[in-house]
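Laboratory data are not the source of any read-out in this text; all were calculated from the coordinates shown. As the structure is a prediction and not an experimental result, all values here were calculated from the model. Here the Cβ positions follow ideal geometry from the backbone for every residue, glycine too, while neighbour counts run over all protein chains shown.
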Amino acid sequence: MKAYFIHNEYELGDGDASDIAFGKSALDAKERYFSEKSVLKTWKHVKNHAEKSNITTARMMSLDNCEDESSMVIVEKAIAIYQWDFSIGNESYSAGYSLIVDENGNEKEKPFFDKKQFEKSWKAVIGQVA
């Protein structure tokens, strides 16, 4: 299926509630998003605050046919290919940097996407890989 970036104007914590959904068309992807069948399932957190009419989509052709990949892998690809900024807890990741918080609460910035730390944080905070 085709991959679509889902943008909505609502914030979740320190980050936006952007998501990725797959569908045969943009309309199909939006319907899947509203049915909580997206990669991050952010709609369930914002549906009482966001307007459906304000939700927009953009194609992410490099992620087409990745719908069977784990959410973590899809987000990793979005970070690497589309320069997506993604936060896990107090940490931030993008293609050009990683802001990591160590066990003592100290922030460490790395000038690259630290995939290994991203995966460790994902599993610790988000918990699911599939």
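If the limit is 28 Å between Cα atoms, which of Lys41/Lys77; Lys47/Lys110; Lys2/Lys47 go over it?
Too far apart for the 28 Å limit: Lys47/Lys110.
Roughly what would the spin-label model give for Asn90 and His7, points 7 Å off Cα along C-beta, in nm?
3.1 nm
Using all alpha carbons of the chain, what is the percent of pairwise distances in each 5 Å bin, ordered from the shortest bin to the longest?
2, 11, 21, 23, 20, 14, 7, 3, 1, 0
I want to verify the translational diffusion coefficient of the range 19-77 in µm²/s; compute it with Stokes-Einstein, Rh as the Kirkwood radius over Cα pairs, at 37 °C and 0.692 mPa s.
D = 277 µm²/s.
In nm, to one decimal, how far is the Val125 label point from the Glu51 one, both placed 7 Å along Cα→Cβ?
3.1 nm
Could you compute how fast the range 70-130 diffuses translationally, taking Rh as the Kirkwood radius over C-alpha pairs and applying Stokes-Einstein at 37 °C with viscosity 0.692 mPa s? Give it in µm² per second.
287 µm²/s
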